[in-house]
Amino acid sequence: MSRDAERLQKYISRCGHCSRRRAELLIEKGLVRVNSAIVDQLGTRVIPGKDRVTINGVKIRLPKSLTVALHKPAGFITSTHDTHDRLTVMDLLPKRMIESGVLPAGRLDLQTEGLLVLTNDGELLHRVTHPRFECVKEYFAILNRPPSTRELEKLQSGVFLKEVGKVTAKAKLTHVRHRKDGTATLHVKIHEGMKRQVRRMFDVVGIKVTYLKRLAIGGLTLGDLEKGRWRQLASKEVQLLTGDGKGTTASGQGPRKTGEKRRVRPAGSMKRRKRRRSDGPSGQSRHR
Ligand code: URA
């Protein structure tokens, strides 16, 4: 049996017809046909897109692809389930959405907040997460101290992460600000998704990231989506995620709409400015 095969009752439920339990009842009642043959035994598997499934004579099919943006709060793990019974990002979504098969496109750490995209479109998931597509992710970070010019340069050109055994690709660090209390904030743009990448990059230069929030993925920004809330993305917004190579790379090819023109300023050279809107609705004042 093909690896793509799945249990008939699960397929029926993913098609949005009813719950898995009800699908089992329909099967046992002999109302379900697979490729014209009645299937009244549980345990049958079907290949979505290949096998024709009808219920009471009416063909069912998988819903169109579904993609949502979630504002992940701290304290939720990015996983579909957890063996230690911790809350996962799936706990923030309605059941029908989970049943549509959406999965997180990439991950945010337990303590990291911000934009997380979930989709049932396997191709999109691959394009957002695979480093080959260089889909840029932008983060707002609070640091325990400001980085020096040399540290900024080092982080931007790539640092060796020994836990991962790899050198990070070029990153962009912008919006550097020193705060009165000795801490600092900045924006980080990277297109890789190594585990705890931003935190580990700063660890290399001896700086601690005390707060991290993802502001954007590709050309899609978090906007004013409230913490813990999700919303379904329109197809135009889905296109912003991949941008088809236009303006979504960290290497600077192609201008981006938000804050891209600003130079990276070395620590200490930045004049104090008013909070910029690109820090998101929570705003820096709330991060302090
Ligand atoms: N980098 C991190 O350190 N954590 C995240 O959740 C995402 C990027």
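Counting only heavy atoms of the protein chains, get the accessible area per residue of segment 136-217 (1.4 Å probe) and round it to a whole Å² value. Don't skip to the end; give the middle numbers.
Working: 3350 Å² over 82 residues.
In whole numbers, segment 136-217 has 41 Å² accessible per residue.
Can you give the local net charge around V164? Use residues other than it whose beta-carbon is closer than 11 angstrom to its beta-carbon, Lys and Arg +1, Asp and Glu -1.
Details: positive: K162, K166, K195, R196, R200; negative: E163, E192.
Cβ neighbours under 11 Å give a net charge of +3.
Counting only other residues whose beta carbon sits under 12 Å from that of R200, what net charge do I get with K and R as +1, D and E as -1?
On the way: positive: K162, K166, K195, R196, R199, K208; negative: D109, E163, E192, D203.
Net of charged neighbours comes to +2.
Too long at a 31 Å Cα-Cα cut-off: which of K137/K208; K162/K227; K50/K195; K64/K162; K50/K166; K95/K170? Write down the numbers at each step before the final one.
Details: K137/K208 20 Å; K162/K227 33 Å; K50/K195 37 Å; K64/K162 42 Å; K50/K166 41 Å; K95/K170 39 Å.
Going by Cα-Cα distance, K162/K227; K50/K195; K64/K162; K50/K166; K95/K170 fall outside the 31 Å limit.
Calculate log10 I(q)/I(0) of segment 6-59 for q = 0.24, 0.30 Å⁻¹, where I(q) comes from the Debye formula with a single equal point scatterer on each Cα and nothing for solvent.
-0.85, -1.45
Where does segment 92-187 land on Rg(C-alpha)/(2.2 N^0.38 Å)? Walk me through the numbers before you get to the answer.
Numbers: Rg = 16.9 Å, N = 96, 2.2 N^0.38 = 12.5 Å.
With N residues counted in segment 92-187, Rg over 2.2 N^0.38 Å equals 1.36.
Tell me, what is the percent relative contact order of segment 136-217, built from C-alpha pairs under 8 Å that lie six or more residues apart?
Computed value for segment 136-217: 47 percent relative contact order.
If you line up the Cα atoms of segment 136-217 on their principal axes, what length do they span on each, largest first, in Å?
Principal-axis extents of segment 136-217 (Cα, largest first): 36, 25, 19 Å.
Stretched out fully, how many nm does the piece from K180 to L87 gain, at 0.36 nm a residue minus the Cα gap?
On the way: separation 93, 0.36 × 93 = 33.48 nm, distance 3.58 nm.
So the chain would gain 29.9 nm between K180 and L87.
So if I take the alpha carbon set of segment 1-112, get Rg, then get Rh from the Kirkwood formula, what is the Rg over Rh ratio? Don't skip to the answer; put the middle values down first.
Working: Rg = 16.6 Å, Rh = 15.6 Å.
My calculation of the ratio gives 1.06.
The values are calculated or read from the model by the stated rules, or taken from the named source; none is laboratory data. Remember, it's a predicted structure, so these values are computed and weren't measured experimentally. For neighbour counting, all protein chains shown are included, and Cβ atoms are generated from backbone atoms with ideal geometry for every residue, glycine included. For accessibility, only protein heavy atoms count, side chains too; no ligands or nucleic acids. Shrake-Rupley method; radii C 1.70, N 1.55, O 1.52, S 1.80 Å.
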